[in-house]
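Let me begin by presenting the structure, written as structure tokens, before commenting on it.
The values are calculated or read from the model by the stated rules, or taken from the named source; none is laboratory data. Model, not experiment: these values are computed from the prediction. Ideal geometry is used to build each Cβ from the backbone, glycine not excepted, and the neighbour counts take in all protein chains shown.
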Amino acid sequence: MIRKAHLEDLPTIQQLYFNLFEVMADLEPHYMKAAAQDQDFIKSVILGENDFAIFVAEDNNEVQGFAIAQLQSAPPYNCFLQKRLVYLMDLVVSPNSRGKGYGKTLIQAVKEWGIDSKVDYFELSVLAQNKKAIELYLREGFDTFNLSMRMRLDNQE
């Protein structure tokens, strides 16, 4: 079952965030580290502040994953058509629950929220090394729109 998150879900969401940050740190050790997400941020998202929404996938009354999204507008540059979008900030599924369709259903919930909010696009960013997430997003109909590139300048290994 997919539903909006409640404040009671905060500890589980925080643990799932830590799991996500561990994976991201493994994929990008020169850029990211394992850390706890700020409780105040999660609480503000649950409360729907700043055009955020958070959906949880629940099975047997246990949260298996979550998706955080935000309603946004195109940057205020003359070259951009002023379109509205829903931006998927984070999608996390418990390591023991991956491959069971939770990611797909969370994406669908965010997509429906975007449609109900009358947005034009659904966007996200994903680490280039996160091949499984990229495969999921491609299967769900996302196309590559923009590439971010980086060059290390500190000469550290």
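Worth a mention:
- Hits in the range 66-116 - residues which are within 18 Å of residue 41 (Cβ to Cβ) and in contact with a helix residue (DSSP H, G or I) (Cβ under 8 Å, 6 or more places away or on another chain): 66, 67, 68, 69, 70, 71, 72, 88, 90, 91, 92
- Flag if residue 45 is assigned to a helix (DSSP H, G or I) and either among the β-branched types (Val, Ile, Thr) or without any contact (Cβ under 8 Å) to a residue 12 or more places away in the chain (or both): yes
- Conditions (1) closer than 22 Å to residue 13 by Cβ; (2) touching a residue at least 40 places away in the same chain (Cβ under 8 Å): number failed by residue 61: (2)
- Considering residues of the range 131-155 that are among the acidic types (Asp, Glu) and loosely packed, with under 11 Cβ neighbours inside 10 Å only, the residue farthest from residue 109 (Cα to Cα): 154
- Residue 63 in a helix (DSSP H, G or I), under 23 Å from residue 114 (Cβ atoms) and at pLDDT 90 or above: no
- Selection count, the range 74-125, where residues are in contact (Cβ under 8 Å) with a residue 24 or more places away in the chain, surrounded by fewer than 17 Cβ atoms within 10 Å (Cβ to Cβ), among the hydroxyl-bearing types (Ser, Thr, Tyr) and assigned to a loop (DSSP other than H, G, I, E, B): 1
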